[in-house]
Every structure is written in C-alpha cells, then in structure tokens.
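Q: Below is one structure. I have some questions about it.
What follows draws every value from the coordinates through simple rules; no lab data is involved. Keep in mind that this is a model prediction, so the values were computed, not measured. Methodologically, a virtual Cβ is constructed for each residue, glycine included, from the backbone with ideal geometry; neighbour enumeration extends over all protein chains shown.
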Amino acid sequence: MLKVGVVGIGYMGINHARILSSFDECELVAISDIDRAKGERAAKKYRCRYYENYEEMARKEKLDCVSICVPTRMHAKVMRTFANAGVPFLVEKPIAPTAKEAEEVVRECEKLGIFSMVGHIERFNPVVREVQKRAKKLRVFLVDSERVGPLPTRISDVGVVTDLAVHDIDIIRFVTGMEPTGVYAVTGSVSRQEVEDVCEAIINFKGEMSAHLRVNWLTPTKIRQLKVFGREGMYQADYITQDLYFYENKTIDDRIEYGKMLFDVSEGEMHKYVIKKEEPLMVELSHFLACVEGKEKPILSMEDGIKAVRIAEAISESGRTRKEIALEF
C-alpha cells in the first residue's frame, strides 16, 4: 500500500487529503501546513501525522508519493525538496509562476529520475474526455471557452490568467491536439490593482483554427463552459454539470467551398449524451497513484504544464502591450 502525504491544506489541499484518505490503494500518513490549527484539525480528521514544516515531513516520513498544494510561488521550492528526497509528486497547476522557473525545476526532477505530474484537473473531467474523443471526428475551426465567476478569497499571488486561464489553455491543446502560433488579449484589473482579474483572449493556430477564451473574477454566477465548433456542428460541454450536447449542422456539404459553407448552415438535430459523472479530482489522484505504481502511463506530461504557463505568459504580455505575441513550440 502506497504511503502518501499532502503539503498545503488550503482549498485544494484539503480535498486532496479527503480523497486520498478514502482510497484503499494508499494510506494518507502525513500532512503539512504552516497554519498549525488548520493542519492539526485536518490531521485529526484524517488520522494522520501533522508537520508544520514540509521539509521535516520529507525527512522523517518514508513517503511513496506526495500531493503539493501550496501557493504557486512556493511550487518550485517544494518540488525540489521532495525530488531530492526521492519522492514522486503531483503538483497543482500551474507548475510555477513563470515558464523559466517551471522549466528549471522540471529539468532538475528529470535528472533525478523522479516521476512527477502536474494537476491539470479538467483533463480528468468526464465531459472533457468525451469531447476530446468526439472532436477527433469533427473538423474543428473554433474552440470557445468561458470560465468566469466571483472573486475568490483563496488566490492572492497570481492573476486570473495564471489561476484560471491555464485550465482552458491546456484543454484547448488537449481537445484539438494542436499548438498555438500566437495570442492576442485584453486584460484588466477592475476589482483590485495588483493582478489582472479579467481577460479576453484569441489564440491562433496554423490554418483556419482559432480559440476564444474568456476568464474573469467579476461574474456573480459561476460558469464553466466549452464549445467546440466544426463543419459538422458544435459540441457544448458544461464542466460543472458534466452535460454534453451536440448541435448538428443540417446542411453540411463537402462540395461547398469552406468560405461559403460558413454562411450556408442551418440548425439540425440536437443530441444530449449520457456521461457517467465522476469527481475529476478523484479520477486525477487515482490516475496519479496508478502511474506511481507503474500500472498506467500519464495522460499529460510536465511539458504540458510548462506549455500552459508559456501560453499564459504570452496572454498576460499581450494584455499589457495590446500587441499580438507570437508563439513557437
């Protein structure tokens, strides 16, 4: 049985602890958090040991793997600690605040031969997996992603692009299987000055493919929605309810020229697909444990995490400069 630990018992960390403590294939043996009262409460609830210092936990516990759920600015330091201790880890997205820092720490872990995984949780959402599977048969020309909601109290060290948009950046790459060639974005700080809290971005790809991305912390209603447009129709997925619909393009004709086809569409049938609903974090952690044991191959790499941060940086730069930023992968 795998012995696991959790570093950081905040909004995400406490859920990592909850799920890991429920698995039969592992034992949650230790947690760490700088907030002693919170850490001790969690340790008592999940019947494990508490450490105020994660470095002490890395030295004293014989861990088979660990979940790292600390603030983004601390990711690299904590990853290095457990990599040097020989402990495989899952780190919450994003890997680091900058692509440069992410690349440095990932290369160090690779040299040490430590298995690591970045927690892009939406890849494990059943509705996203279904869209990705079905989109392969859809001649996609546009992806539209909306991730908006109220201002969170849990985020203080990064803006909405790094916190929220990295989800959608990763999913757009995952669903289309394509790499972006450039981005143009408009960002702003409406509710506070230190970081951006609203972003509208266009992500360009080779050919006629593009993606539109909207994220903010200014909307009173939480919306998590993905639309994938193709010549045959449109998939619409709700991340929260895990509902998936397909709206058919009734008049698609391969003999019609592409440019003309865009103006010669009509509404066809609408299909709703039955998706087996699962908690994405539970699926993600189960997959991580299976990878640690060598039973499964990871469905995403640390390189995917680095690319998400690189694209997020380009979006932020474009928002500041109001210029299109080219990308090359």
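Q: Quick one: angle between helix 13-22 and the longest Cα principal axis of the chain, in degrees between 0 and 90, rounded to 10, please.
A: Tilt of helix 13-22: around 80 degrees.
Q: List the residues whose amide H sits under 5 Å from the amide H of residue 6, counting only those 5 or more places along or on another chain, with H placed 1.01 Å from N in the peptide plane.
A: The answer is 30, 31, 32, 67.
Q: Taking the stretch 162-212 as the region of interest, what is the percent of Cα-Cα pairs per 10 angstrom bin, listed from the shortest bin to the one with the maximum distance?
A: It works out to 23, 49, 22, 6, in whole percents.
Q: No solvent, one uniform scatterer per C-alpha: report log10 I(q)/I(0) for the stretch 2-119 via the Debye equation at q = 0.10 1/Å, two decimals.
A: Each listed q maps to, in turn, -0.26.
Q: Given R₀ = 41 Å, what would the calculated FRET efficiency be for residue 25 paired with residue 53, taking r from the Cβ atoms and rounding to 0.05?
A: 0.90
Q: If the chain between residue 206 and residue 179 were fully stretched, how many nm would it gain, using 0.36 nm times the residue separation less the Cα-Cα distance?
A: Working: separation 27, 0.36 × 27 = 9.72 nm, distance 0.82 nm.
Fully extending the segment from residue 206 to residue 179 adds 8.9 nm.
Q: Could you calculate the contour length gain from residue 189 to residue 232, that is, 0.36 nm times the residue separation minus the distance between their Cα atoms, to one decimal place in nm? Please list the in-between numbers first.
A: On the way: separation 43, 0.36 × 43 = 15.48 nm, distance 3.87 nm.
Stretched out fully, the residue 189 to residue 232 stretch lengthens by 11.6 nm.
Q: Indicate the gyration tensor shape class of the stretch 68-165 (rounded, prolate or oblate), computed on the Cα atoms with a ≥ b ≥ c the square roots of the eigenvalues: a/c under 1.5 is rounded; otherwise a/b larger than b/c is prolate and the rest oblate.
A: Details: a/c = 2.39, a/b = 1.46, b/c = 1.64.
Note, shape of the stretch 68-165 comes out oblate.
Q: Rounded, prolate or oblate: which one fits the stretch 275-320, using the alpha carbon gyration tensor with axes a ≥ b ≥ c (rounded when a/c is under 1.5, else prolate when a/b beats b/c, else oblate)? Intermediate results must be reported in sequence, preceding the final value.
A: Working: a/c = 4.26, a/b = 1.94, b/c = 2.20.
Oblate, since a/c reaches 1.5 and b/c is not below a/b.
Q: Only one of the values (i) 78, 52, 46; (ii) 62, 45, 37; (iii) 68, 43, 41 was calculated from this structure for Cα extents along the principal axes in Å; name its label.
A: (iii)
Q: Something else now. Quick one: Cα centre-to-centre distance for the stretch 143-183 and the stretch 1-34, in angstrom?
A: 26 Å
Q: What's the FRET efficiency of residue 290 with residue 269 using the Cβ-Cβ distance as r and R₀ = 51 Å, to the nearest 0.05? Before the final figure, lay out the partial values.
A: On the way: r = 39 Å, r/R0 = 0.76.
The pair residue 290/residue 269 has a calculated efficiency of 0.85.
Q: Starting from the 7 Å offset along Cα-to-Cβ, what nm value, one decimal, do you get for the label separation of residue 132 and residue 245?
A: It works out to 2.5 nm between the two label points.
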